[in-house]
Amino acid sequence: MVDTVTKNGAVVAVNPSSLAEPAGHFDRAVRIGDFLHISGTSALTNLTGTVEERTLPESFREQAETTFDNIEKVLVSQGGTLADIYEIRVTLSDRDLFGPLNEILKERMPARGFIGSGYVAGFMAPHMKIEVEAHAYLGLTTTGR
């Protein structure tokens, strides 16, 4: 079950029940027609409680994999997949994590055809190493979906 709320008739808030309530005053995603805009997502997104109460995996790989699993849950709730993403924005805690991230992207999103930006910053949650914002187009594709 997906919790959705229509705002002004065009913007639909998307909060899949497969994920925890957001820790702040925002939605997991918004859908405008065939476009899905997914909020910054991390390995905390599927956990409940305040940001301080949510426990992160220690390894970067596990945090990144969980982050993409959480993004996939939002996409699936709207009939999409990771292949529908056309843009990602990644924030890392350390620039040295870009190499491992690039390998994970090749595994999770093997086809090219998306654009990306990367940033290095600190996070509100201690030990957080990655956050990803994604944008997907869920209209017709070359596969007829």
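The values are calculated or read from the model by the stated rules, or taken from the named source; none is laboratory data. Quick caveat: nothing in here was measured; it's all calculated off a predicted structure. Using ideal geometry, Cβ is built from the backbone for each residue, glycine included, and neighbour counts are taken over all protein chains shown. Side chains included, ligands, DNA and RNA excluded: accessible areas come from the protein's heavy atoms. Shrake-Rupley method; radii C 1.70, N 1.55, O 1.52, S 1.80 Å.
Only one residue in Gly49, Gly79 is part of a loop (DSSP other than H, G, I, E, B), at pLDDT 95 or above and not aromatic (Phe, Trp, Tyr), so which one is that? Step through it out loud before you land on a result.
On the way: Gly49 fails: at pLDDT 95 or above.
After ruling out the rest, the residue left standing is Gly79.
For region 79-92, a residue qualifies if it is open to solvent by 40 Å² or more (accessible area, probe 1.4 Å) and in contact with an Asp or Glu (Cβ under 9 Å, 6 or more places away or on another chain), and the qualifying residues are Thr81, Arg89.
Of these, Pro100, Pro126, which one is part of a loop (DSSP other than H, G, I, E, B), over 17 Å from the mean Cα position of the chain (by Cα) and not polar (S, T, N, Q)?
Working: Pro100 fails: part of a loop (DSSP other than H, G, I, E, B).
The unique qualifying residue is Pro126.
The set of residues from region 33-46 being among the hydrophobic types (A, V, I, L, M, F, W, C), open to solvent by 10 Å² or more (accessible area, probe 1.4 Å) and modelled with pLDDT under 95 comprises just one member, Leu44. In the set Thr67, Thr81, Thr55, Thr50, only one residue is of a type in the set (Ser, Thr, Tyr) and either within 14 Å of Val132 (Cβ to Cβ) or touching a Cys at 6+ places or on another chain (Cβ under 8 Å) (or both); that residue is Thr67. Taking the criterion of being charged (D, E, K, R) and within 14 Å of the chain's Cα centre (by Cα), the only residue of region 103-123 that qualifies is Arg108.
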